[in-house]
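Shown next, in structure tokens, is the structure this report addresses.
The values are calculated or read from the model by the stated rules, or taken from the named source; none is laboratory data. Predicted, not measured: the structure shown is a model, and the values here were computed from it. Reconstructed Cβ throughout: ideal geometry from the backbone, glycine too, with neighbour counts over all protein chains shown.
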Amino acid sequence: MLAALAPGRSTVRRPLRSRDTELMAAALRVLGVAVRDTPEGDWEVDGPPALVATGARIDVGNAGTVARFLPPVAALTRGTVVFDGDPRVRDRPLGPLLAALRTLGADLSGVDRLPLQVRGTGRLSGGPVVLDASLSSQLVSGLLLAAPRYDAGVVVTHQGPPLPSAPHLAMTVQALREAGAVVDDTTPGTWAVAPGPLQPRDAAVEPDLSTAAAYLAAPLVAGGSVTVPDWPATTTQPGAVLPELLEAMGGRVQRSGGAVTVSAGDGLHGVEADLRDAGELTPVLTALAALADSPSRFTGVAHLRVQETDRLAALATELNRIGGDVVEQPDGLIVRPRRLGPGVLASYDDHRIAMAWAVLGLGVAGIEVGDVATTRKTVPDFVGSWERMLAP
């Protein structure tokens, strides 16, 4: 998206090819941006001097990033575009972002959810805005990413309960600065992005550390070890805490030459963890907790109720259905291990729920994952890579 807003040619190297990112690329093309595959598997992105809609509809699927990051860009586009997607995405929080965009000068139809019509005029005034982003940090990130192209930039102030997934906002600020934007985040809860040009560049994409959770968790259940290469030495990704959490649950962690290896330890133990900053790890850690030798408690993740599905309810419902003892709390889960039986576990159209059940199936006979294809949202070949990992 930053490449699309930077006039000129950028190259995005090692892009993840999944449903979410393909939807983002397709959406940018609707807004007049050329996104092309290279023979090396990279993406060349030609940011136009001015955005002009080439189509009337953008399909966001169930991607929160497309639903929240692209309306602020569409407001800069000459033309009218309708955003819609899967049935679940219509229930995902969007209202505070849309209200903020109206304050900044955008012409939007609808109230607080999709479907949404954006009537772009080629520019947006920008300026100061206050919103409650306690349900998703993406509500802030969406405004910040487009802000350099607004006449007055933006000054976004969060007002409400503590923000979840704060590291994702640090990632947003870092990415903006690397693209040449001037960002002031020295005041807690406020982000100021100055107007100004973004620079086309050659950027490599870090591996998604949160998606590594299922693979690195496997040894704690099945034994052996798993190595993930190219783990960043420094990163703002919230998934960076994964090795330490797995170590707390009984795994052994080694780092060598940029790789992280997790091996089976002396057992699988329960843990208490505040996952506010890394809520996407909750499903896999809950699967591990259900197989541990002591109870676990996960807190700080009330926002998981409004993601691809109500993840807290999904985890509790499915585990309890096969004999588990999982109690929903206002902001998390309590997991008390019990003997689990076989069953077909529903994925709720949620990639991370499906991957959690794959981990659980390593320790419980007769587990089947319903609609495992939903993992394509972020892992195009989850089944194939899982089989290769387990092969002798």
Practice problem: Identify all residues within the stretch 141-163 that are within 18 Å of HIS303 (Cβ to Cβ), in contact (Cβ under 8 Å) with a residue 60 or more places away in the chain and surrounded by fewer than 24 Cβ atoms within 10 Å (Cβ to Cβ); write none if there are none. | Solution: PRO162
Practice problem: Only residues that are out of contact with any helix residue (DSSP H, G or I) (no Cβ under 7 Å at 6 or more places or on another chain), within 20 Å of ARG177 (Cβ to Cβ) and of a type in the set (Gly, Ala, Ser): list them for the stretch 111-162, please. | Solution: ALA147, ALA152
Practice problem: Can you give me the ranges of the strands (runs of 3 or more DSSP E) entirely in the stretch 35-90 with at least 1 residues that are of a type in the set (Gly, Ala, Ser)? | Solution: 43-47, 78-84
Quiz item: Looking at SER225, SER263, SER210, SER256, which one is at pLDDT below 95 and over 25 Å from the mean Cα position of the chain (by Cα)?
Solution: SER256
Practice problem: Exactly one condition in (1) of a type in the set (S, T, N, Q); (2) farther than 24 Å from ASP277 by Cβ; (3) buried (at least 18 other Cβ atoms within 10 Å of the Cβ) is not met by THR375; state its number. | Solution: (2)
Quiz prompt | Residue in the stretch 194-202 that is more than 25 Å from TYR150 (Cα to Cα) and either in a strand (DSSP E or B) or touching a residue at least 60 places away in the same chain (Cβ under 8 Å) (or both) present | solution = no
Quiz item: In the stretch 17-35, how many are touching a Ser or Thr at 6+ places or on another chain (Cβ under 7 Å) and either farther than 21 Å from PRO197 by Cα or outside the structural domain of ARG57 (by TED's automatic domain parsing) (or both)?
Solution: 4
Quiz item: What is the number of the single condition among (1) crowded, with 18+ Cβ neighbours inside 10 Å; (2) among the small types (Gly, Ala, Ser); (3) more than 22 Å from the chain's Cα centre (by Cα) that ALA34 does not meet?
Solution: (1)
Self-check item: Enumerated strands (runs of 3 or more DSSP E) restricted to the stretch 215-332, each holding at least 1 residues that are buried (at least 24 other Cβ atoms within 10 Å of the Cβ)
Solution: 259-263, 296-299
Quiz item: For the subset of the stretch 175-193 comprising residues that are loosely packed, with under 15 Cβ neighbours inside 10 Å and either in contact (Cβ under 8 Å) with a residue 60 or more places away in the chain or of a type in the set (D, E, K, R) (or both), which member is farthest from VAL241 (Cα to Cα)?
Solution: ASP184
Exercise. Could you run through the stretch 320-352 and say how many residues are under 16 Å from LEU275 (Cα atoms) and touching a strand residue (DSSP E or B) at 6+ places or on another chain (Cβ under 9 Å)?
Key: 7
